[in-house]
Amino acid sequence: MAFYSGFSFNENPTKKHDSVKPYKIVTKTKLAYLVDSVLELKTVSVKDVDLLNYYASLLKKNNADSVKISEFNLNELSFYSASDEKVLFPLVSLDSIPQTFNLILQNNLLSYYFSPFKGVITSNYGWRDKRIHKGIDIDLNKGDKVSAAFDGKVRFAQKQGGFGNVVILMHPNGLETVYAHLHKIKVKPGDVVLSGQTIGLGGNTGHSRGTHLHFEMRYKGYPLNPATIISFTEHKLQHHTITIKNTKKIVCAFPSNASLHTVTKGQSWNFVAKMYGISAKQLMALNGIDKRYYLKIGQQLRVN
Ligand SMILES: [Zn+2]
């Protein structure tokens with residue numbers, strides 16, 4: 001899977017839904033997560049324990065780091081949710097999203113941005129543990145108030161697998177914001193909320209190590225890098241308007257005043273940085289990236 005400053009998909013994202021593999025890869029880490037989920041249950045069923053033992057025995061027998069388990073078998077686990085993502089964000093086809101367009105984030109008619117929580121960023125958007133971390137993690141203490149980033153309407157507010165207690169807000173401009181791992185949810189689906197309103201209390205529910213807020217921004221289900229939209233040190237928007245680009249492989253967002261560079265053959269982070277008189281580190285920071293990966297031809301980078 002290639003990675004961009006936005007989000008990348010398997011070869012053909014529109015095909016993703018109709019070609020669900022009949023099996024899932026279970027790694028040792030994934031198994032640990034599954035066992036972890038058992039710890040959250042009030043009562044443990046013998047069947048769940050048997051199934052987990054069975055997966056562990058397969059890993060042991062093959063002396064492998066991962067094994068294929070049939071989807072059907074995994075669904076037998078009482079708590080298993082193979083696709084929290086699919087449940088929460090049914091993706092629309094990329095063909096229905098314009099190639100490039102501006103989205104107003106705040107003005108006198110819309111609401112103004114309010115920081116969901118003013119804490120230290122503990123994990124950025126991007127590659128993490130061999131998969132894409134589709135949001136940004138903000139450190140907080142259990143019980144800290146988490147606020148709506150913009151005016152909106154609650155689309156989802158309940159416990160959902162790895163997200164734990166999660167609230168999803170729809171905003172009038174089409175963006176959605178996601179607040180996960182909450183200790184308590186303070187809103188219900190259909191509620192209209194105002195920017196700055198408390199929507200929940202920070203916590204450590206779902207697949208989370210330590211209390212933090214996992215915050216995502218999505219457009220039509222496609223995750224955007226929040227760091228290219230919001231300054232998490234100054235707690236304000238980078239620009240009132242963002243430009244959303246749909247390259248047919250990814251959807252990504254930049255502040256509307258940003259100059260973009262389109263990567264051509266043979267260009268590296270250092271190469272592009274030099275062209276604009278900045279360091280590779282500065283270039284990566286502008287694009288909200290903290291881990292180097294190979295640039296792709298056609299990929300767009302923010303350069304100012
Ligand atoms: Zn996170």
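The values are calculated or read from the model by the stated rules, or taken from the named source; none is laboratory data. The structure displayed is predicted, hence computed values, not measured ones. Heads up, the Cβs are rebuilt from the backbone with ideal geometry, glycines too, and the neighbour counts pull from every protein chain shown. Areas reflect the complete protein model, heavy atoms only, side chains present, ligands, DNA and RNA absent. Shrake-Rupley method; radii C 1.70, N 1.55, O 1.52, S 1.80 Å.
For Ala273, are the conditions met, namely being part of a helix (DSSP H, G or I) and either within 16 Å of the ligand (Cβ to nearest atom) or in the same structural domain as Asp137 (by TED's automatic domain parsing) (or both)?
Considered against the rule, which asks whether it is part of a helix (DSSP H, G or I) and either within 16 Å of the ligand (Cβ to nearest atom) or in the same structural domain as Asp137 (by TED's automatic domain parsing) (or both), Ala273 comes out as no.
Just a yes or no: is a residue in the stretch 267-283 in contact with a Gly (Cβ under 8 Å, 6 or more places away or on another chain), crowded, with 18+ Cβ neighbours inside 10 Å and not β-branched (Val, Ile, Thr)?
No, the stretch 267-283 contains no residue that is in contact with a Gly (Cβ under 8 Å, 6 or more places away or on another chain), crowded, with 18+ Cβ neighbours inside 10 Å and not β-branched (Val, Ile, Thr).
How many residues are away from the ligand (no atom under 16 Å from the Cβ), open to solvent by less than 30 Å² (accessible area, probe 1.4 Å) and of a type in the set (Gly, Ala, Ser) when one looks only at the stretch 190-224?
The qualifying residues number 2.
Kindly check whether there is at least one residue in the stretch 62-70 that is without any contact (Cβ under 8 Å) to a residue 40 or more places away in the chain, in a loop (DSSP other than H, G, I, E, B) and touching a strand residue (DSSP E or B) at 6+ places or on another chain (Cβ under 8 Å).
Within the stretch 62-70, one or more residues are without any contact (Cβ under 8 Å) to a residue 40 or more places away in the chain, in a loop (DSSP other than H, G, I, E, B) and touching a strand residue (DSSP E or B) at 6+ places or on another chain (Cβ under 8 Å).
Out of curiosity, is Asn62 open to solvent by less than 90 Å² (accessible area, probe 1.4 Å), at pLDDT below 75 and among the polar types (S, T, N, Q)?
no
Sort through Val146, Val154 and tell me the only one that's of a type outside the set (Lys, Arg), touching an Asp or Glu at 6+ places or on another chain (Cβ under 7 Å) and at pLDDT 95 or above.
Val154
Quick one: is Ala227 touching a Lys or Arg at 6+ places or on another chain (Cβ under 6 Å) and open to solvent by 10 Å² or more (accessible area, probe 1.4 Å)?
So Ala227 fails the test.
Restricting the stretch 72-121 to residues that are in a strand (DSSP E or B) and surrounded by 14 or more Cβ atoms within 10 Å (Cβ to Cβ), which is farthest from the chain's Cα centre (by Cα)?
Leu103
Residues to consider are Thr264, Thr233, Thr243; find the one that is closer than 17 Å to Asn173 by Cα and open to solvent by 10 Å² or more (accessible area, probe 1.4 Å).
Result of the check over Thr264, Thr233, Thr243: Thr243.
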